[in-house]
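Undergrad: First the structure, then my questions, so here it is.
Any read-out appearing in this document is the output of simple, stated calculations on the displayed coordinates, not a laboratory observation. In this text, all values refer to a predicted model and were calculated from it rather than measured experimentally. Don't worry about glycine lacking a Cβ; one is built from the backbone with ideal geometry, like all the others, and counts go over all protein chains shown.
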Amino acid sequence: MGDTKAKGGDVIDVVAMTILWILSSVSDLREYQIPNDLILAGWLAALVCRLYIQGIYGMGAGICCIVAGILVLLPVYGVHGMGAGDIKLLSVVGAMYGMKLWIQTGIVFALLAALFSFVYMLINRLFVNRMRYFFHFVILDHKKSYYDATRDGRSMVIPLAPVMALAYYMVFFCRLSGGMKG
C-alpha cells in the first residue's frame, strides 16, 4: 500500500477513496464542512488497507502519515487558509498511499485551490477587498486572521474538498500512467 502501491492502484483503495471524495465533497458544498465521522472512516479504511497489504508496519506508517500530514498543515489552519476538515481529509491520502503521494497531491491541490480562489474572487468582484485584507494581515497586523467569519460571512469560503478530489485524481492517474515518478 505504500508509495509503490499508488503506481498500480488497488481497486479497494480507489473505491474507498472515491466514496470518501464523493461524501466529503457533497458535505463541503452543502455545509461548508467535512464531518469528523467521515474523516475517521477514511483513516480507518486507509489503516485497514495498510494492515492488510503491509502488516503492522504499514499500519504504523499510515498513522505516522496522518500525524505528519496534520502537523505540517497546522500553520495554514492557524491563519484560516484551510479548514481543519480539509487538512484531515488530505491526511487520508497520506494514510492510504504514503507521504510521496500526499506531497504530490498537496502541491497540485495548492495550485488548483489558488487558481479556483483567484477565479472565484474575480467573478464575485472580491479580489481588491481580499488583497487589502491580505496586505493588512501580512504587513500590519499578524494577530488578526486573514479570514474573519463575522466580517466576511460565507462570501470567501470556498469548499475545498472537490478541489482536493480533483488534485488526487490528477496525481493518482498521472502516476498510474507513469507520468510521475516516485
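Undergrad: Note the full-extension length gain between Val128 and Val76 as 0.36 nm times their separation in residues minus their Cα-Cα distance, in nm to one decimal.
TA: Difference between extended and current length: 16.5 nm.
Undergrad: Lys and Arg at +1, Asp and Glu at -1: add these up for the other residues within a Cβ distance under 13 Å of Ala113 and post the number.
TA: Computed value for this residue: -2.
Undergrad: Seen from all sides and averaged, what is the projected area of the convex hull of the Cα atoms in the range 23-110, in nm²?
TA: With every direction weighted equally, the projected area is 5.5 nm².
Undergrad: Please give, to one decimal in nm, the separation of the simple spin-label points placed at Val26 and Tyr52, each 7 Å out from Cα toward the Cβ.
TA: 2.3 nm
Undergrad: Okay, next question. Taking the Cβ of Ser24 as the centre, find all other residues whose Cβ is under 15 Å away and add up their charges (Lys, Arg: +1; Asp, Glu: -1).
TA: For residues surrounding Ser24, the net value is -2.
Undergrad: Stretched out fully, how many nm does the piece from Phe118 to Ser177 gain, at 0.36 nm a residue minus the Cα gap?
TA: 18.2 nm
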